[in-house]
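The values are calculated or read from the model by the stated rules, or taken from the named source; none is laboratory data. Model, not experiment: these values are computed from the prediction. In this analysis, Cβ positions are derived from the backbone assuming ideal geometry, glycine residues included, and neighbour counts consider all displayed protein chains. When the accessible area is computed, the model is the full protein with side chains, heavy atoms only, and any ligands, DNA or RNA have been set aside. Shrake-Rupley method; radii C 1.70, N 1.55, O 1.52, S 1.80 Å.
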Amino acid sequence: MPDLLVNLHSQKFAALAARPPVEGVAIRPALAPEMALVVDWVRAHFSDNWASEVTVAFSRRPVACLVAVSEGRLLGFACYDIVARGFFGPTGVHPDARGRGVGVALLAGALSALKADGYAYAVIGDAGPVDFYAGTVGAMTIPAEDKGVYEGMLRRPKPDSSREE
């Protein structure tokens, strides 16, 4: 998956940032006492690597992780400025909350935080849904022959499903 570049001063980004909030969903910075809950939720719904990145986000001051919350329930998260300076992600939304604009609201919030910190551009590293980011915020593929900052990253081996324990 390629890295993407987002111009935080483009009209496309301005339109994204101006979108109305998702009804009934609060997008806000995570609070330090929520760390264990958010990290465990990310590990359960996404991956150990993302849970590690969320842990790093909680070590930042202010916390560099936004959460989407509705009726006391965590719906999603988005981190920024974690893997490398100016990087967006990881981000994820619970399957039950997808299609309501929660992910778009998290993206807008995290990119707005990067812009407020003085970044003119943001990088979406190892982006999965390239077409989504291109259409939503005008993200452009960064041409590269390798995986950039993620090249050689250690990953937990997938369990051998043919082996019984």
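Which percent of the accessible area of the stretch 1-50 is formed by carbon and sulfur heavy atoms (probe 1.4 angstrom)? So the carbon and sulfur contribution to the accessible surface is 62 percent. For the stretch 15-66, the percent of C-alpha pairs falling in each 10 Å distance bin, counted from 0 to the bin holding the largest distance, reads 24, 42, 30, 4. The modelled label-to-label distance between ARG61 and LYS158, using points 7 Å beyond Cα along the C-beta direction, is 4.2 nm.
Here is how the number arises for the chain: DSSP H runs of 4 or more residues each give -39500 (n - 2.57), the sum is divided by the residue count, and the result at 222 nm is -9500 deg cm²/dmol. Within the straight-line cut-off of under 21 Å between alpha carbons, the lysines reachable from LYS147 are LYS158, sequence neighbours fewer than 8 places apart in one chain being disregarded.
Taking amide H as placed 1.01 Å from N in the peptide plane, the amide H of GLY86 sits under 5 Å from that of ASP81, each at least 5 places away or on another chain. Based on Cα contacts under 8 Å between residues 6+ apart, the chain shows a relative contact order of 33 percent.
Over the stretch 18-84, accessible surface divided per residue gives 52 Å², non-protein components excluded, 1.4 Å probe.
Between the stretch 9-65 and the stretch 99-157, the C-alpha centres lie 13 angstrom from each other.
Computed over neighbours whose Cβ is under 12 Å from that of VAL104, the net charge equals +3, Lys and Arg +1, Asp and Glu -1. Expressed as a whole percent, the accessible area of the stretch 53-127 that falls on carbon and sulfur atoms is 51 (1.4 Å probe).
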